[in-house]
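Novice: What follows is a single structure, and I will ask about it in a moment.
The values are calculated or read from the model by the stated rules, or taken from the named source; none is laboratory data. Values in this document were obtained by computation on a predicted structure and should not be read as measured data. We place every Cβ from the backbone using ideal geometry, glycine too, and count neighbours over all the protein chains shown.
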Amino acid sequence: MQHRDVAARVLEAVGGEDNIVGAAHCATRLRMVLKDADKADNAALEDDPDLKGVFETGGMFQIIVGPGDVDRVFAEMDAMTAKNIAVSTEELKTVAANQGNWFTRFIKVFSDIFVPLIPILVGGGLLMALNNVLTAEGLFGENSLVGMYPQIQGLTEIINVLASAPFAFLPVLVGFSATKRFGGNEYLGAGMGMAMVHPALVNGYEVANSMADGTMTYWDLFGFPVAQAGYQGAVLPVLVVAWILATVEKWFHRRLKGTADFLITPLATLLITGFVTFIAVGPFVRWLGDLLISGLASLYELGGPVGGLIFGLVYSPIVITGLHQSFPPIELELFNQGGSFIFPTASMANIAQGAVALAVYFLARDAKLKGLSGSSGVSAVFGITEPAIFGVNLRLRWPFYIGMGAAAIGSMLVAIFDVKAMALGAAGFIGVVSMRSSDMVTFLILAAVDFAIAFAAAYAYGRYLVAKRGSIDPDAAGDARADAAAAATLDESLHEASADALPVVSPLTGEALALSDVSDPMFAQLKLGEGVAVRPSIGELRSPIDGKVAVTFPSGHAYAIRGTGSDGKPVDVLMHIGFDTVNLQGEHFTAHVHKGDQVSAGQLLATFDIGAIEAAGYETTTPVVVSNTKKVGDVIPAMLLPGDVSIGEPLFAVEPKSAVQGERAGAAGSTAV
């Protein structure tokens, strides 16, 4: 490969250096953020004999060059440009995140803030669902399970404490995570969250009642009354507060140095942010919530089915802001007037969001996403939607929109059939016990219809995404065009290799599976070459062939060995431990070889901590692929897939390329090197 020539062709094809916002590379790909992706000549890049494919994902334009060449092409490209286009892969992610439209960036910020909170929200949500089952009256008889079996009273109370804590003190968690995302000191953010739920304040769940009955207490601040209101369970106020805090803190950091910065910045930041919180942010958000609630109530009463449809459509977005915490006082008043339409509407919205999360469960290949969508989906249909909304539906976006649409239909039906609740409870399927006795059967039927619409629509659209892009995640999906001939070589039936084929043994012990079964769409689509994947059970990576170490990535997660086929031509075998594990920056990986080392089949290349990697949220499934697939013959699995395999056992064989075989289109690529 003439690396300078390739770099020049790439620069021209992407629209020149003026169209490049930033660029980086990994072990196989050039990653770029372009000002205008439409200016890129994809056809020229796809047809380039030295390139293996192109795709867009996560806001990045990515060109697959291959191991051992990508760094040299990148260096030549960087040298050709007058401006400095090179950034780190982490910086490039930030650049990409800032390139989208305002709504995409808004969702990205929400995702960054709430993804770290998913475990506690899932745990608390499932415990709350369990508590609802134990305490719901009429679910298993006239009395609740606790009423029927008083001996479990203590157990139920402990479960309730554990379940309600994450949501009651949500401002502390969100304050920590949001302030960190906005570039401030996360512990200052947590401190402000603590102040917002301080026991000396009126509990956030009682603020509306206290305002209504005149029992709210006030501070006298220079003659102005400031409500001593808490913000338990709130989201929107603490997000605004976290942004203000981070902005104020950074302002002081830029102007103060040394001891003055250390002493004055946290003091002034907390003081200024605290005053702004209780004087301006809190009252404004309460006013906004009251306005929203009264408007929706009027719309529902006047608009009938249309009002129900609109209320159902916006209910889940309201949950995101936390403004739904203001609904109970209005519902208590509605109970006295014959029943509340809010509770059944909330139930339809929660069930719809749970249904789409469960559809994701059946579509997902990624083990982490599968586990999260399954658990949070169950939690949502039992009334706790935050884990499903923040952890799954908002991150993928399309499930959230489908859930909103299904909730709108379900809520319209609630209005048509005049379904009303007579008590508060868990807004999900078990919310049936809170309905008017005459509406219970109707509610269950509407809830089932709502669930079916949401699940069917999400599953159908998810299947469409898989067929079109190879993934249900828009940010992970690239070009799904996989060549039929390349796919045929990975048929899961066993073929017999010729005597001239180069045997490739397993570098890992674990379960071997077809590349089409891995969660990374680019490996699954054979973009980076043909081969087999191994889900390891032991954290040792050994050489699959005799040869020379062609690639050792600094993070220790990717290696390539160059061997020689029977025809004397090179065969490059790439091993990539996990997906997106480059983000670990070498943590939990230990390399035992260097680039240029000669190795024998079975020689130790690297060790890695499977448990620690998975605990950090990453898979360890390892594709073992022939990265120069275009230049070799067929890649033939040596075993039926899936199946158990041990280090040193035959994995696949690489045939020499025959003279009549011609160039094959087994394009190569990856989303996670």
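Novice: Residues that are within 27 Å of E56 (Cβ to Cβ), touching a residue at least 40 places away in the same chain (Cβ under 8 Å) and part of a loop (DSSP other than H, G, I, E, B): does segment 497-517 have at least one?
Specialist: No, segment 497-517 contains no residue that is within 27 Å of E56 (Cβ to Cβ), touching a residue at least 40 places away in the same chain (Cβ under 8 Å) and part of a loop (DSSP other than H, G, I, E, B).
Novice: Tell me which residues, restricted to segment 39-66, are surrounded by fewer than 18 Cβ atoms within 10 Å (Cβ to Cβ) and at pLDDT below 80.
Specialist: Passing the criteria: only E56.
Novice: Quick check on my filter: what residues within segment 576-598 are within 24 Å of the chain's Cα centre (by Cα) and surrounded by fewer than 22 Cβ atoms within 10 Å (Cβ to Cβ)?
Specialist: D580, N583, L584, Q585, G586, E587
Novice: Residues in segment 601-615: is at least one hydrophobic (A, V, I, L, M, F, W, C), assigned to a loop (DSSP other than H, G, I, E, B) and farther than 14 Å from G529 by Cα?
Specialist: Going through segment 601-615, the residues hydrophobic (A, V, I, L, M, F, W, C) turn out to be 601, 604-606, 608, 610, 612-613, 615.
Among the residues that remain, those that are also assigned to a loop (DSSP other than H, G, I, E, B) are: 601.
Now narrow it down to the ones that are farther than 14 Å from G529 by Cα: 601.
Taking every residue of segment 601-615 in turn, at least one turns out to be hydrophobic (A, V, I, L, M, F, W, C), assigned to a loop (DSSP other than H, G, I, E, B) and farther than 14 Å from G529 by Cα.
Novice: Another question about this same structure. Given the structure, is G383 of a type in the set (G, A, S) and assigned to a loop (DSSP other than H, G, I, E, B)?
Specialist: Working: of a type in the set (G, A, S): yes; assigned to a loop (DSSP other than H, G, I, E, B): yes.
The answer is yes for G383.
Novice: Step by step: first the residues of segment 558-575, then only those that are touching a residue at least 60 places away in the same chain (Cβ under 8 Å) and in contact with a Phe, Trp or Tyr (Cβ under 8 Å, 6 or more places away or on another chain), then the one that is surrounded by the most Cβ atoms within 10 Å (Cβ to Cβ). Which residue is that?
Specialist: L574
Novice: Those residues that are among the small types (G, A, S) and out of contact with any Gly (no Cβ under 8 Å at 6 or more places or on another chain), I need them from segment 178-225; list them, please.
Specialist: G183, G184, A200, A208, S210, A212, G214, G223
Novice: Mind checking which residues of segment 134-167 are of a type outside the set (S, T, N, Q), crowded, with 16+ Cβ neighbours inside 10 Å and touching a Leu at 6+ places or on another chain (Cβ under 9 Å)?
Specialist: Hits for segment 134-167 are L134, A136, L139, L145, V146, I159, A163, P166, F167.
Novice: Moving to a separate point now. Taking V122 as meeting all but one of (1) in contact (Cβ under 8 Å) with a residue 24 or more places away in the chain; (2) β-branched (V, I, T); (3) farther than 21 Å from V392 by Cα; (4) surrounded by 18 or more Cβ atoms within 10 Å (Cβ to Cβ), write down the number of the exception.
Specialist: (3)
Novice: Return the residue satisfying two criteria in turn: it lies in segment 67-95 and is assigned to a loop (DSSP other than H, G, I, E, B) and surrounded by 16 or more Cβ atoms within 10 Å (Cβ to Cβ), and of such residues it is modelled with the highest pLDDT.
Specialist: T81
Novice: While we're here: List pairs: first in segment 220-242 and under 30 Å from F390 (Cα atoms), second of a type in the set (S, T, N, Q), Cβ under 6 Å, 6+ apart or cross-chain?
Specialist: As it stands, the answer is Q228/T217; G230/N203; Q232/N203; G233/Q325; V235/T321; L236/T321; V241/T277; A242/T179, since those pairs meet every condition given.
Novice: A follow-up question, please. Considering segment 243-286 alone, what residues qualify as being free of Cβ contacts under 8 Å to residues at least 40 places away in the same chain, closer than 23 Å to F110 by Cα and aromatic (F, W, Y)?
Specialist: F284
Novice: Taking A212 as meeting all but one of (1) without any contact (Cβ under 8 Å) to a residue 60 or more places away in the chain; (2) over 39 Å from the mean Cα position of the chain (by Cα), write down the number of the exception.
Specialist: Unmet condition: (1).
Novice: Taking the criterion of being acidic (D, E), closer than 22 Å to P49 by Cβ and either in a strand (DSSP E or B) or in contact (Cβ under 8 Å) with a residue 40 or more places away in the chain (or both), would at least one residue in segment 631-654 satisfy it?
Specialist: So in segment 631-654, the residues acidic (D, E) come out as 634, 644, 649.
Next, from what is left, pick out any that are closer than 22 Å to P49 by Cβ: 634.
Now drop any that are not either in a strand (DSSP E or B) or in contact (Cβ under 8 Å) with a residue 40 or more places away in the chain (or both), which leaves 634.
Taking every residue of segment 631-654 in turn, at least one turns out to be acidic (D, E), closer than 22 Å to P49 by Cβ and either in a strand (DSSP E or B) or in contact (Cβ under 8 Å) with a residue 40 or more places away in the chain (or both).
Novice: I'd like to check something: does segment 163-180 contain any residue that is in a helix (DSSP H, G or I) and over 30 Å from T247 (Cα atoms)?
Specialist: yes
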